[in-house]
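Read through the structure below, which is laid out as structure tokens, and then see the notes.
The values are calculated or read from the model by the stated rules, or taken from the named source; none is laboratory data. Bear in mind that the values here come from a model prediction, so they are computed numbers and not experimental data. Neighbour counts run over all protein chains shown; Cβ positions are idealised from the backbone, glycine included. Ligands, DNA and RNA are stripped out before the accessible areas are found, and what is left, the full protein with its side chains, is counted by its heavy atoms. Shrake-Rupley method; radii C 1.70, N 1.55, O 1.52, S 1.80 Å.
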Amino acid sequence: MPAIMVLNIPEFAPIVHTAREAGMTVRELGDYVEVSSSEQEVVLERRHTDVRPAVWFAALTGGLIGEFVQFDHDELRIVNPLS
């Protein structure tokens, strides 16, 4: 199950909100929010989050479970580490 860990602060709330609206599972774990998917792939588009690039690129400082397929100015795409 691919997942990202996002620091639970207001700056990252739009990313968490977008993930929740996309059907991903969101759960708070202490100072972090885990965003995961039962799908083989997690895809988030920055334009849907409406965050600045600096916030976008800092969102993954909490870590991830999976492998990067793409992480650029426009899109984050990670896949299940076992796929």
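List of remarks:
- Test: Ala22 is of a type in the set (Gly, Ala, Ser), buried (at least 17 other Cβ atoms within 10 Å of the Cβ) and modelled with pLDDT under 95: no
- Residues satisfying the stated conditions in the stretch 9-19, i.e. at pLDDT 95 or above and small (Gly, Ala, Ser): Ala13
- Qualifying residue in the stretch 52-72 (condition: in a loop (DSSP other than H, G, I, E, B), surrounded by fewer than 18 Cβ atoms within 10 Å (Cβ to Cβ) and touching a residue at least 40 places away in the same chain (Cβ under 8 Å)): yes
- Of all the residues in the stretch 1-19, those that are part of a loop (DSSP other than H, G, I, E, B), in contact (Cβ under 8 Å) with a residue 40 or more places away in the chain and either open to solvent by 40 Å² or more (accessible area, probe 1.4 Å) or on the phi > 0 side of the Ramachandran plot (or both) number 1.
- For the residues Ser83, Ser37, the requirement of being open to solvent by less than 50 Å² (accessible area, probe 1.4 Å) and modelled with pLDDT under 90 singles out Ser37.
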